[in-house]
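The values are calculated or read from the model by the stated rules, or taken from the named source; none is laboratory data. Predicted model, so just to flag it, every value in this text is computed and none were measured. Here Cβ is always computed from backbone atoms with ideal geometry, including for glycine, and neighbour counts include all displayed protein chains. Keep in mind that these areas ignore ligands, DNA and RNA; they rest on the heavy atoms of the full protein, side chains included. Shrake-Rupley method; radii C 1.70, N 1.55, O 1.52, S 1.80 Å.
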Amino acid sequence: MDQREKLISYSVHYNGDWARIAEAIKNAGPGMPVVCKETTVTIYDRAYPSCLRALRHPPWVLYARGDLALLQRPAVTIIGSREMNAYGRRATITVARRLARDLTIVSGVAKGVDAMAQTSALSIGGGSIGVIGNGFDTVYPKENQELYARLSRQGLLLSEYPPHVGVRKEHFPWRNRLLAALGSALVVTQAACKSGTMLTVNQALALGKDIYCVPQPFGDEEGKGCNLLISQGAEILYTDEQLNEICHTCKSEAVSLS
């Protein structure tokens with residue numbers, strides 16, 4: 001059993017738990033043969049995205065369904081509120097469709113902004129990467145079952161958890177570091193002040209990513225997080241020219257990393 005096979009064995013045996021896998025690697029633990037029918041990309045592979053190596057805790061193994069070539073394309077991450085209102089919906093559709101003409105859209109397959117951004121990208125034939133916090137055998141939320149299938153066919157579905165691993169709340173904040181790393185920039189189209197979106201923003205800031213936020217109407221609770229971030233220094237996103245600038249910047253960064 002080579003090192004790659006051992007790593008996959010550790011991942012399956014320890015349910016994708018980063019720390020336990022790291023301990024097994026450190027101790028050179030024996031790998032146990034496992035059956036894994038999913039496509040896997042390990043940290044030892046050339047196909048492993050270079051942007052993930054910048055993380056303090058890069059995933060050891062990625063399980064994938066769909067087009068792995070999307071991992072090598074310029075990408076932007078779009079995230080936001082699960083409780084999206086009409087304004088957030090319009091903003092997300094507009095931003096995602098424009099950016100998807102030139103970039104791969106990365107998001108978390110959650111309800112609300114995430115699902116809308118990815119559906120909008122796929123609807124115009126663009127690429128989208130969905131990063132989930134559970135294994136492929138579980139669809140969460142259940143209402144996104146068709147989106148899971150579409151990403152597997154037309155885009156890419158990624159998880160660092162083996163297929164049998166179910167939903168655990170601690171997986172989602174941990175998943176957010178991948179969302180932050182995979183996009184060259186981060187766009188928030190609508191977010192409350194207290195939300196998982198803010199955790200992803202913090203991860204992106206730690207990686208030196210540019211943050212863009214769509215401004216929200218005065219007093220709009222669902223969008224106060226965007227206005228807060230803008231007041232703290234995030235770029236206010238309100239023109240088509242800025243969307244063009246995001247595309248140019250993300251493409252340039254992808255070229256510099258290649």
Task: Those residues of the stretch 224-258 which are aliphatic (A, V, I, L, M), modelled with pLDDT of 95 or more and in contact with a Cys (Cβ under 9 Å, 6 or more places away or on another chain), in sequence order - done: L228, L229, I230, A234, I236, L237
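Quick one: would you say A192 is part of a loop (DSSP other than H, G, I, E, B) and under 27 Å from R98 (Cα atoms)? Show your work before the answer.
Working: part of a loop (DSSP other than H, G, I, E, B): yes; under 27 Å from R98 (Cα atoms): yes.
So A192 fits the description; yes.
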- [ ] Take the residues in the stretch 39-55 that are in a loop (DSSP other than H, G, I, E, B) and either among the aromatic types (F, W, Y) or in contact (Cβ under 8 Å) with a residue 60 or more places away in the chain (or both), then tell me which one is farthest from I132 (Cα to Cα).
- [x] Y44
TODO: Just name the residue that is surrounded by the most Cβ atoms within 10 Å (Cβ to Cβ) out of those in the stretch 69-87 that are within 12 Å of A115 (Cα to Cα), touching a helix residue (DSSP H, G or I) at 6+ places or on another chain (Cβ under 7 Å) and not acidic (D, E).
DONE: G80
Open item on the list: Looking at the stretch 16-38 only, could you name the residues that are open to solvent by less than 70 Å² (accessible area, probe 1.4 Å) and either touching a residue at least 12 places away in the same chain (Cβ under 8 Å) or in contact with a strand residue (DSSP E or B) (Cβ under 6 Å, 6 or more places away or on another chain) (or both)?
Closed with: G16, W18, I21, A22, A24, I25, G29, G31, V34, C36, E38
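Here are R168, R150: which of them is more than 28 Å from L205 (Cα to Cα), modelled with pLDDT of 95 or more and open to solvent by 20 Å² or more (accessible area, probe 1.4 Å)?
On the way: R168 fails: more than 28 Å from L205 (Cα to Cα).
The conditions single out R150.
Taking the condition of being open to solvent by 60 Å² or more (accessible area, probe 1.4 Å) and in contact (Cβ under 8 Å) with a residue 24 or more places away in the chain, how many residues in the stretch 207-219 meet it? Show your work before the answer.
Narrowing the stretch 207-219 to residues open to solvent by 60 Å² or more (accessible area, probe 1.4 Å): 208, 210, 218.
Retained after the next criterion (residues that are in contact (Cβ under 8 Å) with a residue 24 or more places away in the chain): 210.
Residues that pass the stated criteria total 1.
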